[in-house]
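The values are calculated or read from the model by the stated rules, or taken from the named source; none is laboratory data. Treat the numbers as computed from the prediction; the structure is a model and nothing was measured. Methodologically, a virtual Cβ is constructed for each residue, glycine included, from the backbone with ideal geometry; neighbour enumeration extends over all protein chains shown.
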Amino acid sequence: MTDDGAVTRVAAGPAAHWTPGTQILWRYRENGGDQVHIARPVTVVRDDAEVLAVWLAPGTECVKPVLADGTPVHLEPLESRYTKPRTVQRDRWFGTGVLKLAQPGRPWSVWLFWDPGWRFKNWYVNLEQPLARWSGGVDSEDHFLDISVHPDRSWHWRDEDEFAQAQRDGLMNAETAERVRAAGREAVEVIRAWGPPFPDGWPHWRPDPSWAVPSLPEDWDRTPAHVSS
């Protein structure tokens, strides 16, 4: 990805599969715009026709949105959270790492969280646009609404208030909101049936200890020449 070799790639074509250990970017565009406002360097765990699995290691330098005055977004009252001017800043991913799983074409990804000591905590279904692949990583747009899934297979909706506020603030029209709800209902059916990736043993996965923490490239926000789903 970068001239100094900090991030490698296996092929120039965006549709090619990455080999395990390859470092790529997992990015999100701002809602209603084209600018990237979240960029997370990750290491590929698996990439094939069934799933893209990546590891976000503790301590990874990332890019995240903040209000223009530097206030963390989550500290701003919901009523003005999406209307105040924003910028981005570099920060570190603190706490335990995150394993992210994306099945090709699906409008969500599934994230796995652990407590310290590798005690599995929960799955997190992040509703989003299907990932678009490019030579340096994958891009998407977050859709606010999420689902928490617990080890006992119980689940609950998350961020319904943010989902509603985003619609009130014009970040999502009624048609898009209905597609997101439909995607959520589809995800719930997968959870209830305990379909992939939930029964696939991922809570027992561990990262290769030889993997280095990926570096954030200076051109983390560059526009891909080509993208594919």
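Structure summary
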quantity	calculated
Residue under evaluation I38, criteria (1) surrounded by fewer than 16 Cβ atoms within 10 Å (Cβ to Cβ); (2) of a type in the set (A, V, I, L, M); (3) touching a Phe, Trp or Tyr at 6+ places or on another chain (Cβ under 6 Å), criterion not met	(1)
Elements of type strands (runs of 3 or more DSSP E) contained in segment 1-77, each with 1 or more residues being in contact with a Cys (Cβ under 9 Å, 6 or more places away or on another chain) and at pLDDT 95 or above	36-47, 52-56
Residue in segment 131-139 that is without any contact (Cβ under 8 Å) to a residue 40 or more places away in the chain and either more than 24 Å from L67 (Cβ to Cβ) or not in a helix (DSSP H, G or I) (or both) present	no
Residue check for P224: surrounded by 13 or more Cβ atoms within 10 Å (Cβ to Cβ) and at pLDDT 95 or above	no
Qualifying residue in segment 84-95 (condition: more than 17 Å from the chain's Cα centre (by Cα), over 18 Å from D139 (Cβ atoms) and in contact (Cβ under 8 Å) with a residue 24 or more places away in the chain)	yes
Every pair of residues 6+ apart whose Cβ atoms lie under 9 Å, when the first sits in segment 213-228 and is of a type in the set (S, T, Y) while the second is part of a loop (DSSP other than H, G, I, E, B) and modelled with pLDDT under 95	S215/T2; S215/D4; S215/A6; S215/V7; T223/D34; S228/G13; S228/P14; S228/A15
Of the criteria (1) closer than 17 Å to P41 by Cα; (2) within 16 Å of the chain's Cα centre (by Cα); (3) surrounded by 18 or more Cβ atoms within 10 Å (Cβ to Cβ); (4) not aliphatic (A, V, I, L, M), which one E128 fails	(1)
Verdict on T96 being at pLDDT 95 or above and among the hydroxyl-bearing types (S, T, Y)	no
Every residue from segment 143-161 that is surrounded by fewer than 13 Cβ atoms within 10 Å (Cβ to Cβ) and in a strand (DSSP E or B)	H156
Criterion violated by D48 - all others in (1) surrounded by 11 or more Cβ atoms within 10 Å (Cβ to Cβ); (2) touching a His at 6+ places or on another chain (Cβ under 7 Å) satisfied	(1)
Residues within segment 109-121 that are surrounded by fewer than 17 Cβ atoms within 10 Å (Cβ to Cβ) and more than 20 Å from Y28 (Cα to Cα), tallied	7
Pairs with Cβ under 8 Å, 6+ apart, first in segment 174-193 and on the phi < 0 side of the Ramachandran plot, second part of a helix (DSSP H, G or I) and surrounded by 14 or more Cβ atoms within 10 Å (Cβ to Cβ)	A174/Q167; A177/F163; A177/Q167; V180/F163
Selected residue (criterion: surrounded by the fewest Cβ atoms within 10 Å (Cβ to Cβ)) from residues of segment 87-108 that are in contact with a Leu (Cβ under 6 Å, 6 or more places away or on another chain) and assigned to a strand (DSSP E or B)	V98
